[in-house]
Amino acid sequence: MKTLLKTTALVLAFAGPAIAGGHETWKTVDEDSQIAFGSIKSNEFGEVHTFAALSGSVNEKGEVAVSIELGSVETNIDIRNERMITHIFKAADARAELTGSVDFDAVHDLEVGATTVVEFEGALSLVGVSADVEAELFVARLSEDRVLVTTSDMIMLSTYDLGIDAGVDKLKELASLEGITRVTPVTVRMIFEK
């Protein structure tokens, strides 16, 4: 889960620089943006989960702010969604917040149709714990007013780093599983517009 949050934050941060050509604030197209993360249970069954509700912005100074509605988690099993909200995120209205900054100069001259890869560093706050985030993002300029930001590679995140191991233990117990992986691959796809 925290992997997803980190990835989302990273993607948002990178999209901002690519589209920054002036002094506008770039904002996510929320319905076209998504964070996905994977899990493996009992060393056999791999599954993909998503966060559907997120929003973010990047201002002219390169300051990034992204918010993920943790209650929007979709695991394709209703009871599992509920258990994650209760035992991992602690509340249906809980949010993860990603903050950081990007170097606008690195991508502000990106032409329509061109792409680049950028690096992001920031902090992700989740259920009272803050963790450093680093990632490589792929940025494509779709038009003068729109950019696509995705993860360049999978981001591998540890449940320990964001303090959610106890919640994962509870999920394992409730589902009578032999195990649930504690490192999660995360991918991000975000669209930004000015």
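So residue 109 fits all but one of (1) outside any strand (DSSP E or B); (2) at pLDDT 85 or above; (3) not β-branched (Val, Ile, Thr); what number is the exception?
(2)
So, in the range 70-91, how many residues would count as being surrounded by fewer than 16 Cβ atoms within 10 Å (Cβ to Cβ) and touching a residue at least 24 places away in the same chain (Cβ under 8 Å)?
2
Condition test on residue 12, is it open to solvent by less than 10 Å² (accessible area, probe 1.4 Å), in a helix (DSSP H, G or I) and either within 30 Å of residue 175 (Cα to Cα) or at pLDDT 50 or above (or both)?
So residue 12 does not fit the description; no.
Any idea how many residues of the range 112-166 are open to solvent by 20 Å² or more (accessible area, probe 1.4 Å) and not in a strand (DSSP E or B)?
15
Mind checking which residues of the range 173-189 are open to solvent by 30 Å² or more (accessible area, probe 1.4 Å), of a type outside the set (A, V, I, L, M, F, W, C), over 20 Å from residue 54 (Cβ atoms) and touching a residue at least 60 places away in the same chain (Cβ under 8 Å)?
Selection gives 178, 181.
Inspect all residues belonging to the range 92-105 and state whether any of them is more than 13 Å from the chain's Cα centre (by Cα), buried (at least 17 other Cβ atoms within 10 Å of the Cβ), under 30 Å from residue 174 (Cβ atoms) and in contact (Cβ under 8 Å) with a residue 60 or more places away in the chain.
Within the range 92-105 (the criterion being more than 13 Å from the chain's Cα centre (by Cα), buried (at least 17 other Cβ atoms within 10 Å of the Cβ), under 30 Å from residue 174 (Cβ atoms) and in contact (Cβ under 8 Å) with a residue 60 or more places away in the chain), the answer is no, since none of the residues qualifies.
If you take the residues of the range 34-53 that are in contact (Cβ under 8 Å) with a residue 60 or more places away in the chain and not in a strand (DSSP E or B), which of them is most open to solvent (accessible area, probe 1.4 Å)?
Of everything passing the filter in the range 34-53, 43 is most open to solvent (accessible area, probe 1.4 Å).
Please specify each residue of the range 31-52 satisfying the condition of being of a type in the set (Gly, Ala, Ser) and over 11 Å from the mean Cα position of the chain (by Cα).
Matches in the range 31-52: 38, 39, 42, 46.
Starting from the range 134-155, take each residue that is farther than 17 Å from residue 183 by Cα and of a type in the set (Phe, Trp, Tyr) and list its partners that are in a strand (DSSP E or B) and open to solvent by 70 Å² or more (accessible area, probe 1.4 Å), counting only C-beta distances under 9 angstrom and pairs at least six apart or across chains.
138/115; 138/117
The values are calculated or read from the model by the stated rules, or taken from the named source; none is laboratory data. Not measured: the values here are computed from a predicted model. With ideal geometry, Cβ positions are generated from the backbone for all residues, glycine too; neighbour counts draw on all protein chains shown. Surface accessibility is based on the protein's heavy atoms, side chains included, excluding ligands, DNA and RNA. Shrake-Rupley method; radii C 1.70, N 1.55, O 1.52, S 1.80 Å.
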